[in-house]
1. Check off (1) free of Cβ contacts under 8 Å to residues at least 40 places away in the same chain; (2) within 21 Å of Asn190 (Cβ to Cβ); (3) open to solvent by less than 70 Å² (accessible area, probe 1.4 Å) for Ile112 and give me the number that stays unchecked.
2. Please work out which one of (1) in contact with a Gly (Cβ under 8 Å, 6 or more places away or on another chain); (2) of a type outside the set (S, T, N, Q); (3) not in a loop (DSSP other than H, G, I, E, B) is the condition Leu191 fails and give its number.
3. Select from segment 316-365 the residues that are in contact with a His (Cβ under 9 Å, 6 or more places away or on another chain), hydrophobic (A, V, I, L, M, F, W, C) and not in a loop (DSSP other than H, G, I, E, B) and list them in ascending order.
4. Do you know which residues across segment 253-303 are assigned to a loop (DSSP other than H, G, I, E, B) and free of Cβ contacts under 8 Å to residues at least 60 places away in the same chain?
5. Tally up the residues in segment 1-59 that are at pLDDT below 90 and not basic (Lys, Arg), please.
6. Would you confirm whether or not segment 297-309 contains a residue that is among the aromatic types (Phe, Trp, Tyr) and either more than 22 Å from Glu56 (Cβ to Cβ) or open to solvent by less than 10 Å² (accessible area, probe 1.4 Å) (or both)?
7. Would it be correct to say that Asp142 is surrounded by fewer than 15 Cβ atoms within 10 Å (Cβ to Cβ), closer than 20 Å to Leu340 by Cα and without any contact (Cβ under 8 Å) to a residue 40 or more places away in the chain?
8. Say we look at segment 336-350 and pick out the residues that are open to solvent by 10 Å² or more (accessible area, probe 1.4 Å) and touching a Ser or Thr at 6+ places or on another chain (Cβ under 8 Å); which of these is nearest to Lys45 (Cα to Cα)?
Amino acid sequence: MEIRFKIRVSATLAMSPAMAVLTTENKESQYQNGVKRLHENGISKVPNKYILPVLERPNITKHQEANVTKNNLKLPIIDFHELQGPNRPQVLESLASACEQYGFFQLVNHGIPSDVVSNMIDVGTKFFELPFEERAKYMSSDMRAPVRYGTSFNQNKDRVFCWRDFLKLVCHPLPDVLPHWPSSPVDMRNLAATYAKETKYLFLMLMEAIFESLGLVESSSSPAKKKTTEEDEVLKEFEDGSQLMVVNCYPPCPQPDLTLGMPPHSDYGFLTLLLQDEVEGLQIQFQDEWVTVEPIANSFVVNVGDHLEIFSNGKYKSVLHRVLVNSRKDRISVASLHSLPFMRPVGPSPKLVDELNPKRYKDTDFASFIEYISSREPKKKNFLESRKLT
């Protein structure tokens with residue numbers, strides 16, 4: 001007994017400060033506190049809670065991490081300014097092609113002032129630099145909370161955690177939710193609200209173009225433009241639709257080959273507008289390969305969500321994507337997820353259903369999605385698959 005006691009004491013004394021934290025605090029609660037907290041404590045190895053099964057790991061070597069451009073993909077580029085001009089028909093063709101073949105595109109010349117964009121990245125970065133106790137005020141397991149600070153993908157259900165912390169802000173109706181948003185940093189509410197308004201307007205303009213590219217409405221440049229009442233009503237509903245902003249923080253990871261910032265998944269809504277800093281990390285599945293999306297300064301990565309795939313009856317594709325982490329730099333991104341109102345059912349547009357293209361999906365709504373992911377560990381495109389008609 002004396003020998004065992006000495007060994008135990010010696011091992012404890014030899015522990016690093018970070019390992020001591022993990023042994024003195026409840027390990028599970030430590031993981032629930034997030035990876036930023038682990039990074040701040042100087043952790044030097046990825047805990048088992050974050051280590052993926054071998055076949056699910058990103059499979060990157062140190063050489064590949066240093067040479068990140070090897071498997072990069074240049075997404076189709078949609079020029080928003082051109083979309084509003086005489087070249088709109090050609091840009092709409094490119095938009096349709098991007099949504100069919102990639103499920104993603106880069107949006108440039110989007111019209112949102114550069115200071116609004118940079119301020120959002122800056123204030124998001126500052127939030128994650130706040131003392132843990134300040135960030136922890138907004139922790140919640142309620143997926144419907146107007147503001148929620150958390151970690152991983154779905155920390156209530158994930159068996160293996162992801163190397164990611166997040167701040168989720170419900171953005172609609174803005175006057176109702178704004179008082180619940182973080183008051184620190186001091187300019188957080190003002191800058192994030194401005195950004196939310198700008199991205200909402202951009203989303204509405206993009207959805208009109210997407211409806212046009214699907215042949216559901218006539219050209220907006222046509223002097224005799226007439227929208228059908230049904231499609232016009234759907235576009236109007238987007239104005240009162242759901243909007244969720246997610247500020248993601250991916251701290252440096254000591255062993256990035258063992259884990260992921262986010263696992264393969266698709267997004268639930270109609271469109272997601274993603275703002276990235278200059279650090280690479282986003283990968284999409286293209287032609288059965290994982291390829292890294294090259295960040296373009298002052299642009300948005302826009303992707304088709306599950307609801308748009310359903311609404312288009314499968315013409316536009318909601319594509320799997322994931323996030324890599326690295327050992328060198330923090331990475332910040334801001335995702336704006338947009339859809340119809342929370343309880344509004346979404347189904348294939350009747351105009352896109354006929355004998356040759358029968359209805360391929362059940363009707364669904366955001367509430368069904370929340371119920372689905374609250375009851376199980378989300379994997380890949382399981383929710384979308386559950387909506388398919390056999």
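The values are calculated or read from the model by the stated rules, or taken from the named source; none is laboratory data. Only a predicted model underlies this, so the values are computations on that prediction, with no experimental measurement involved. No Cβ is skipped: glycine too gets one built from the backbone with ideal geometry, and neighbour counts run over all protein chains shown. Only protein heavy atoms, including side chains, enter the accessible area calculation; ligands, DNA and RNA are left aside. Shrake-Rupley method; radii C 1.70, N 1.55, O 1.52, S 1.80 Å.
1. That leaves (1) as the condition not met.
2. Here Leu191 clears every test but (1).
3. Result: Val346, single match.
4. Here is the first cut: in segment 253-303, the ones assigned to a loop (DSSP other than H, G, I, E, B) are 253-261, 266-270, 277-281, 287-288, 294-299.
Once the filter is applied, which keeps residues that are assigned to a loop (DSSP other than H, G, I, E, B) and free of Cβ contacts under 8 Å to residues at least 60 places away in the same chain, segment 253-303 yields Glu278, Val279, Gly281, Gln287, Asp288, Pro295, Ala297.
5. Step one: filter segment 1-59 for residues at pLDDT below 90, giving 1-32, 59.
With not basic (Lys, Arg) added as a condition, the list becomes 1-3, 5, 7, 9-26, 28-32, 59.
The number of residues fulfilling the criteria is 29.
6. Filtering segment 297-309 down to residues among the aromatic types (Phe, Trp, Tyr) leaves 300.
Keeping just the survivors that are either more than 22 Å from Glu56 (Cβ to Cβ) or open to solvent by less than 10 Å² (accessible area, probe 1.4 Å) (or both) gives 300.
Within segment 297-309, one or more residues are among the aromatic types (Phe, Trp, Tyr) and either more than 22 Å from Glu56 (Cβ to Cβ) or open to solvent by less than 10 Å² (accessible area, probe 1.4 Å) (or both).
7. no
8. Our first condition is that a residue be open to solvent by 10 Å² or more (accessible area, probe 1.4 Å); within segment 336-350, this holds for 337, 341-345, 347-348, 350.
Still in the list and also touching a Ser or Thr at 6+ places or on another chain (Cβ under 8 Å): 337, 341-342, 345, 347-348.
Details: Leu337: 33, Pro341: 43, Phe342: 41, Pro345: 45, Gly347: 46, Pro348: 47 Å.
The selected residue is Leu337.
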